[in-house]
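Note sheet for the following structure.
The values are calculated or read from the model by the stated rules, or taken from the named source; none is laboratory data. Values in this document were obtained by computation on a predicted structure and should not be read as measured data. Note that we place each Cβ from the backbone using ideal geometry, even for glycine, and neighbour counts take in every protein chain shown.
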Amino acid sequence: MFKKFKVFYLLLIVAFLVTACGTKDLTQGKSAQEIIEESYEKQLNIENYDMDLAMDMKMPMPEGEIMAIAMTGKATVFQKPMQMKLVVEITNPETSEPVVIEQYMEATEQGINIYEYVEEQWFKIVLNDPALAETMNMDPTQNVELFLKYLKETNIIGEEKLGQRDTLKIELVASSEMYNELMEQIPGMNLNQPGMEITPDFLSQMGDMKYIVWVDKTTLDIVKTSMDLTENMQNMGKALIEQGLIPAELAEMFSNMEMSMTYEILNINKAEPIVIPEEAKNAPELPMN
């Protein structure tokens, strides 16, 4: 069970990632929508950055116990071409012991390579998919335009000091319909795996995505993002059951699931270069079926 959730959190982080200095207050006189549009457009000029991230998930199990997974970590991301280093500590719900995972990811002409170091051993996952390669190398402008197109609500909900930065907190609601358009733009994208045949509108059934972003008032940089994914995961579980992809007896498990994610962006355009260890590149390849 824990191994399955490791794959799940990896995909979530990737999706989550595919979803994202002066002293004058650049937010004065602007609406929440205008601030968000300028902030996301500014992200197009970001070449690299570091991140602090955290995820918490709770899920009731059929046996009556609560499975709790807490993850904290640090990441370095380069966008052109896409490359990422991720070091996370996850609580193993089966033993309550911390598990440290070191992971590298790089876009290739054929798709994406993932290298993972866990329990003193390197593993490699090679995903060769032309549509996936196209996704990882999409024009960032296209992604930002798509996100802004499907923004339904933008509201300033407060101010907060983050370190030395004065920030505005802005609540966003993005329609899940944007995933349908994304899939239409990449007709070759194959989300189906043996035993997990997913219909084209599956992602939209997860419901609207709700974010809180912290925007630096003097630079318009988005420095922190938080997402409450509880409702989305509950909707996903319902959709999986309705499509017969998971047993109906798991309905209660998903209906009471809780999940949240937060990440903070640091060292914009000042991140250290990522060097993938040779041991990782030469590691045994894990089959994906």
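Tabulated results
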quantity: Entirely in region 49-129, the strands (runs of 3 or more DSSP E) that have 2 or more residues that are of a type in the set (D, E, K, R) and either under 16 Å from the mean Cα position of the chain (by Cα) or surrounded by fewer than 18 Cβ atoms within 10 Å (Cβ to Cβ) (or both); calculated: 82-91, 98-107
quantity: Residues being buried (at least 16 other Cβ atoms within 10 Å of the Cβ), over 22 Å from residue 52 (Cβ atoms) and at pLDDT 85 or above - total across region 239-289; calculated: 3
quantity: Given (1) modelled with pLDDT of 90 or more; (2) exposed (fewer than 14 other Cβ atoms within 10 Å of the Cβ), number of the condition residue 23 does not satisfy; calculated: (1)
